[in-house]
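Step one of this worksheet: look at the structure below.
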Amino acid sequence: MSKLETNTIDTISGTNTLQVGDGNVATINLGKSGDTINIPSGATITNSGTANGFGGANTPAFLAKYGATVGSISEASNVKLTGFNTELYDTDNTFSNNSKFTPGVAGRYYIYGAISNYAGSTVQTASAYLYKNGSLFANFENSFESAVLKANSTNTVNWSITDTADSDDYYEIYFNQNNSGNSTYNIYGESGSMSTWFGAYKLIG
């Protein structure tokens, strides 16, 4: 293997395309470990092939769900939901067994979920509360004041939000319901499908 040492490689006069490699080349290496490959201001990188390893990753990321129905939730009280016992994925072990999400990496996160809930009597409101560091951060409410949800039926509160988190911030989900009969109220889960879930992932940029 020969070695070419020079300070500048340029095209010949009258041409403006520099070709590195030809028919015998399978891999072209630029620099070595620890080097900096500099793209100056005003330059443009155009990709017409496949790019691997560029850009960021949407991690940490997790998604957990209720694998079984859990009850009962008393009326008009904020109750932390701890039944997210089935993890579909958890890239960085950021979701703990007490249903708490701690990002571990500072950044902006998309946090989302759904709560399927079942009441034995009519329902006026069903709310998902996102807590941050132990305090209420966001409230997502389904209201049935004008058309009360019938007894013995299921409704779902869907929710999502973005937030900028430090590495040691943490998030939890609480639930609050009001019904006309102060009856038993359950959070609905299923082993084979998605009914109640809690997830988050880091946004790029």
Worksheet item: Which of the residues belonging to the stretch 164-173 are assigned to a strand (DSSP E or B), buried (at least 17 other Cβ atoms within 10 Å of the Cβ) and not aliphatic (A, V, I, L, M)?
Response: Tyr171, Glu172
Practice prompt. For the stretch 17-33, indicate whether the set of residues that are exposed (fewer than 10 other Cβ atoms within 10 Å of the Cβ), closer than 30 Å to Tyr110 by Cβ and either in contact (Cβ under 8 Å) with a residue 60 or more places away in the chain or out of contact with any Lys or Arg (no Cβ under 6 Å at 6 or more places or on another chain) (or both) is non-empty.
Written response: no
Practice prompt. Could you tell me which residue of the stretch 54-79 is surrounded by the most Cβ atoms within 10 Å (Cβ to Cβ), considering only residues that are farther than 20 Å from Gly107 by Cα and polar (S, T, N, Q)?
Written response: Thr69
Discussion item. Return the residues of the stretch 11-48 that are of a type in the set (D, E, K, R) and more than 35 Å from the chain's Cα centre (by Cα); say none if nothing qualifies.
Written reply: Asp22
Discussion item. Would you confirm, using the coordinates I've provided, whether Thr36 is loosely packed, with under 11 Cβ neighbours inside 10 Å, among the hydroxyl-bearing types (Ser, Thr, Tyr), assigned to a loop (DSSP other than H, G, I, E, B) and at pLDDT below 85?
Written reply: no
Item to complete: May I ask you to verify whether Thr44 is surrounded by fewer than 10 Cβ atoms within 10 Å (Cβ to Cβ), without any contact (Cβ under 8 Å) to a residue 60 or more places away in the chain and over 30 Å from Ala200 (Cβ atoms)?
Response: yes
Item to complete: Answer yes if at least one residue in the stretch 92-108 is closer than 30 Å to Thr154 by Cα and of a type in the set (A, V, I, L, M, F, W, C), and no otherwise.
Response: yes
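For every residue, the table says whether it meets (1) surrounded by fewer than 20 Cβ atoms within 10 Å (Cβ to Cβ); (2) of a type in the set (S, T, N, Q).
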site	(1), (2)
Leu81	no, no
Phe84	no, no
Leu88	yes, no
Thr91	yes, yes
Phe95	no, no
Lys100	yes, no
Pro103	no, no
Ala106	yes, no
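The values are calculated or read from the model by the stated rules, or taken from the named source; none is laboratory data. Just so we're clear, the structure is a prediction, and the values are computed from it rather than from any experiment. No Cβ is skipped: glycine too gets one built from the backbone with ideal geometry, and neighbour counts run over all protein chains shown.
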